[in-house]
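Enquirer: Attaching a single structure in structure tokens format; questions to follow.
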Amino acid sequence: MDNATTPSIRAVGLGRDFAEHTAVDRLDLEVNPGEVYGLLGPNGSGKSTTVRMLTTMLRPSRGTARVAGADITRDPGAVRRRTGVVLQGTALDPLMSARELLLLQGRLQSLTARRARARCAELLTTFDARDFADTPVGRLSGGQRRRVDLAVALVQRPDVLFLDEPTTGLDPASRRGLWDEIRALSADHGVTVLLTTQYLEEADQLCDRVGILRAGRLVASAAPHVLKEQVGERVLTLRFGDALAAGRARELLAARGERLHTVEAAPHSVGIRLARPGADGETLLALASAGLHAASLTVDEPSLEDVFLRLALSPEGSLAA
Ligand SMILES: Nc1ncnc2c1ncn2[C@@H]1O[C@H](COP(=O)(O)OP(=O)(O)OP(=O)(O)O)[C@@H](O)[C@H]1O
Ligand SMILES: [Mg+2]
């Protein structure tokens, strides 16, 4: 069986074509036990196709993958027993209530009646679903139904959990509830989570590492802060008391070889692109020794959105560019 050094998900050259179209090219991916991994990418980049292959819902056209220690094509039954999944647009029996679905799922997964009831109560609370626990899910709103989907996937804590856009359509409180549940699963129970999302802020806060898919290829895979440092331009903006001081600062900085950033419609301000950590301190000292003291300063860090725009959408699409 698995140990801490065996990845929970390991895909090698995994790919899928639909007729002439390559949805996923040749994906190499490793996700470690207890890790929360976020798969990002524009619409149609292959996120759901990847999740469907890894959860044995869709046969790959090439390559292999092991999930929770089992091969997805040779032993799909074992993969299914050890994983939980919420796909994009899952359909629940519309006549059953959340409570009935949760209890049924608990019994299907061999919990005792007592444990199933306890887990059901816990999940109804986590997803703030107690008020509609006994309403047939066919009569719930989209977001409420989504919360029930998620609760059902979590009844038996799986080894590996796949969530395809789990927070789409959730209100802010339910979204936070899901984040807390994902963090607890990973930190307290060692569950490995692979999720897809269109919310970069969410990926940044929640994921240990993120991968960016672009037209079926993984163009980056690293911790959010590493990707941000690679696209990496922090911008230091200094505001001076008058345009004259700002002009002198610009001249001095240009002479030092600093790369200036245009601050639009702000003659009192100077923007500097900071390539290295610590560069802001040196720059401020150089200005101060020339008698130029900024009235205020701000530093804008690159965001995961900057990384995404660069890697997933820009024409060159590479960190080397
Ligand atoms: N069953 C299918 N038959 C034909 N083409 C498909 C099928 N499923 C997906 N595709 C195509 O494969 C590509 C990848 O689709 P996929 O659903 O994996 O994208 P995605 O990244 O999940 O997008 P989204 O952000 O919109 O959910 C798309 O071009 C899509 O049209
Ligand atoms: Mg999708």
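Coordinate-derived values only; no laboratory data. All of these numbers come straight from a predicted model, not from anything done at the bench. With ideal geometry, Cβ positions are generated from the backbone for all residues, glycine too; neighbour counts draw on all protein chains shown.
Enquirer: Mean separation of Cα pairs under 8 Å and 6+ residues apart, divided by the residue count of the chain: what relative contact order is that in percent? Write out the running numbers ahead of the final one.
Expert: Details: 591 pairs, mean separation 60.2, N = 321.
So the answer I get is 19 percent.
Enquirer: What FRET efficiency comes out for the pair Ala266/His21, r = Cβ-Cβ distance, R0 = 45 Å, nearest 0.05?
Expert: Working: r = 48 Å, r/R0 = 1.06.
That gives a FRET efficiency of 0.40.
Enquirer: Right, next: Distances longer than 23 Å among the Cα atoms of the range 29-175: what percent of all pairs is that? Don't skip to the end; give the middle numbers.
Expert: Numbers: 4209 of 10731 pairs.
When all Cα pairs of the range 29-175 are counted, 39 percent exceed 23 Å.
Enquirer: So if I restrict to the alpha-carbon atoms in the range 233-301, what is the Rg, and what is Dmax, the biggest pairwise distance, in Å?
Expert: 10.6, 29
Enquirer: Could you give the length gained by full extension between Ala113 and Gln88, i.e. 0.36 nm per residue of separation minus their alpha carbon distance, to one decimal place? Intermediate values should be presented prior to the final figure.
Expert: On the way: separation 25, 0.36 × 25 = 9.00 nm, distance 2.97 nm.
Length difference between fully extended and current span is 6.0 nm.
Enquirer: Hey, what number do you get for the chain at 222 nm if only DSSP H runs of n ≥ 4 count, each worth -39500 (n - 2.57), divided across all residues, to the nearest 500?
Expert: Numbers: 11 runs with 114 residues, N = 321.
-10500 deg cm²/dmol, from helical runs alone.
Enquirer: From zero outward in steps of 10 Å, how is the percent of C-alpha pairs of the chain spread across the bins?
Expert: 6, 22, 25, 19, 13, 10, 4, 1
Enquirer: Nearest 10 degrees is fine. How inclined is helix 279-289 to the longest principal axis of the chain, computing both from alpha carbons?
Expert: 20 degrees
Enquirer: Now a separate question. Compute the distance in nm between two label points, each set 7 Å from the Cα along the Cα-to-Cβ direction, one at Arg256 and one at Thr73.
Expert: Simple spin-label model gives 5.9 nm for this pair.
Enquirer: Divide the volume of the convex hull of the Cα atoms of the range 134-185 by its number of residues and quote the answer in cubic angstrom per residue.
Expert: 87 Å³
Enquirer: Within 10 Å, count the other beta carbons around each residue, average over each peptide in 21-31, 252-262, and list them highest first.
Expert: 21-31, 252-262
Enquirer: Provide the FRET efficiency to the nearest 0.05 for the Ala243-Thr298 pair, computing r from the beta carbons and using R0 = 22 Å.
Expert: Values: r = 19 Å, r/R0 = 0.84.
Result of the calculation: an efficiency of 0.75.
Enquirer: Okay, moving on. What is the local net charge at Gly143, summed over the other residues whose Cβ is closer than 10 Å to its Cβ (Lys, Arg +1; Asp, Glu -1)? Could the numbers behind the result be given before it?
Expert: Working: positive: Arg145, Arg146, Arg147, Arg175; negative: Asp171.
Taking every other residue near Gly143 into account, the sum is +3.
Enquirer: If you don't mind, there's one more thing I want to ask. Taking every DSSP beta bridge that has both residues in the chain, what percent is antiparallel when rounded to the nearest 5?
Expert: Working: 34 of 51 bridges.
Given both bridge residues lie in the chain, the antiparallel proportion sits at roughly 65 percent.
Enquirer: For the chain, find the longest principal axis of its Cα atoms and tell me its angle to the long axis of helix 172-189, 0 to 90°, nearest 10.
Expert: 80 degrees
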